[in-house]
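Take a look at the structure below.
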Amino acid sequence: MIIVLGPGTTKDAIEYITKKIEDAGLKPLVSSGVERTVINVIGDERILDKNQFEAIPCVEKIIPILKPYKFASREFKQENTVIKVDGVEIGGNKIVIIAGPCSVEGKEQIIEIAKAVKEKGAGMLRGGAFKPRTSPYAFQGLEEEGLKHLKEAKKEIGLPIVSELMDTKDIELLLEYVDVIQIGARNMQNFSLLKEIGKINKPILLKRGMSATINEFLMAAEYILAGGNQQIILCERGIRTFIDHSRNTLDISGIAVLKELTHLPVISDPSHAGGKAKLVTPLALASIAVGCDGLLVEVHQDPERAFSDGEQSLNLDAFGKLMDEAGKVAEALGRTI
Ligand code: PEP
Ligand code: MN
């Protein structure tokens, strides 16, 4: 159950309500957003008398929620959440394309890609500076230097920046340089990291863990929401299955199911799902057809020489073609790109 309090509710009133909940043996979790304060009641709420809360003047409404994830559910919020990133809206009618290399490799490299993807219609620039690599001997990312190049690219080209955070120690750094903080598949259940980014005021792009169920994915988002950060973009990036014809299996039905269960924007990453450049466009189009709000696509000016994930990166021409095709699918669905 979630108790929504009206604007201007006093501290005393919040204390009065939380005490009532505690007296009943349940746990109140207070979350004060920019617009309003809500109290999430944890435990078997059936023992509470809903009427006694409804009678309190500052209580705007009470929402019973049966799902284990509360703030993430459509029961809590029916209308789609639209996240604003530096003038770009994600979760609305326009499908947002986030494009760029797997890794930032240098200033010229990232600026050239930023310029090209913007010309072709991308709304944001991606680029990893901290890279989670399977091998400790593989390129690990340029770290702060990479973030500086991203900031330069933003200054010159103007696209908002998405980059991955792997460790709580780097939160301040990411806050300084990027517009959206990505939490990668490998960290989807890094609960201490999720708790920390729940406390910050910056949009989060949360990628689905490689073997996470939809429920586990939404519970991970719930950690961030429960901390007070309401700006989450969910990203389906393929899950591990028994097949070996693609790197992962893009869970197309998962995208449709997520759109039904949650109000949060859902985007698709056809690059890490397919693992091969030739699969990226078909998977991107399928994702749009099934209702995603955006795409995360790896693009490189010279994929053969990319420091990471070259085999799944589109070259600039192929990205242009993806944009043309994606525009047609979006239009057929009454959306724009
Ligand atoms: C990435 O986006 O470059 C990345 C490492 O993705 P994932 O966490 O989905 O593997
Ligand atoms: Mn990658």
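The values are calculated or read from the model by the stated rules, or taken from the named source; none is laboratory data. This one's a predicted model, so the numbers in the text were calculated from it and none came from an experiment. Note that each Cβ is placed from the backbone with ideal geometry, even for glycine, and that neighbours are counted across all protein chains shown. With ligands, DNA and RNA removed, areas are computed over all heavy atoms of the protein, side chains included. Shrake-Rupley method; radii C 1.70, N 1.55, O 1.52, S 1.80 Å.
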Exercise for review: Sum -39500 (n - 2.57) across every DSSP H segment of at least 4 residues in the chain, then divide by the residue count to get the 222 nm mean residue ellipticity, nearest 500.
Suggested key: -10500 deg cm²/dmol
Practice item. With r as the distance between the Cβ atoms of Ala55 and Gln189 and R0 = 45 Å, compute the FRET efficiency 1/(1 + (r/R0)^6) and round to 0.05. Key: 0.65
**Study point:** Selection from Leu333, His272, Ala306, by position along the positive dipole direction of the chain (Cβ)
**Key:** Leu333
Review point. For the peptides 305-313, 241-249, 151-159, 98-106, what is the packing order when you average, over each peptide's residues, the other Cβ atoms within 10 Å and list the highest mean first?
Key: 98-106, 305-313, 151-159, 241-249
Study note, to complete from the structure: Total charge of the residues flanking Gln312 in space, meaning their Cβ is under 12 Å from its Cβ, with Lys and Arg +1 and Asp and Glu -1, is 0
Point to revise | Given charges at Cβ of Lys, Arg, Asp, Glu: region 83-332 dipole, positive-most of Ile171, Ile200, Gly121 | key: Ile200
Exercise for review: Beta carbons within 10 angstrom, averaged per residue: use that to sort the peptides 260-266, 118-124, highest first.
Suggested key: 260-266, 118-124
Review point. Counting only protein heavy atoms, what percent of the accessible surface of region 31-142 is carbon or sulfur at a 1.4 Å probe?
Key: 51
**Study point:** Calculated log₁₀ intensity ratio I(q)/I(0) where the Debye formula runs over C-alpha points of region 36-156, q = 0.11, 0.18, 0.19 Å⁻¹
**Key:** -0.64, -0.95, -1.01
Check your understanding: What does the charge add up to near Met188, with Lys and Arg as +1, Asp and Glu as -1, over the other residues with Cβ less than 9 Å from its Cβ?
Key -> +2
Study note, to complete from the structure: Taking only the Cα positions of the chain, the convex hull volume per residue in Å³ is 140
Practice item. Can you tell me the relative contact order of region 2-63? Whole percent, Cα pairs under 8 Å, sequence separation 6 or more. Key: 47
Review point. Excluding same-chain residues fewer than 8 positions from Lys27, which lysines have a Cα within less than 28 Å of its Cα?
Key: Lys11, Lys19, Lys50, Lys61, Lys67, Lys70, Lys77, Lys195, Lys199, Lys202
Review point. Where the only charges are on Cβ atoms (+1 Lys, Arg; -1 Asp, Glu), what is the dipole of the chain about its Cα centre, to the nearest 20 debye?
Key: 360
Point to revise | Net charge over other residues, Cβ less than 15 angstrom from the Cβ of Asn215 (K, R count +1; D, E count -1) | key: -2
Exercise for review: Would you mind getting the accessible area per residue of the chain, heavy atoms of the protein chains only, 1.4 Å probe, in Å²?
Suggested key: 44
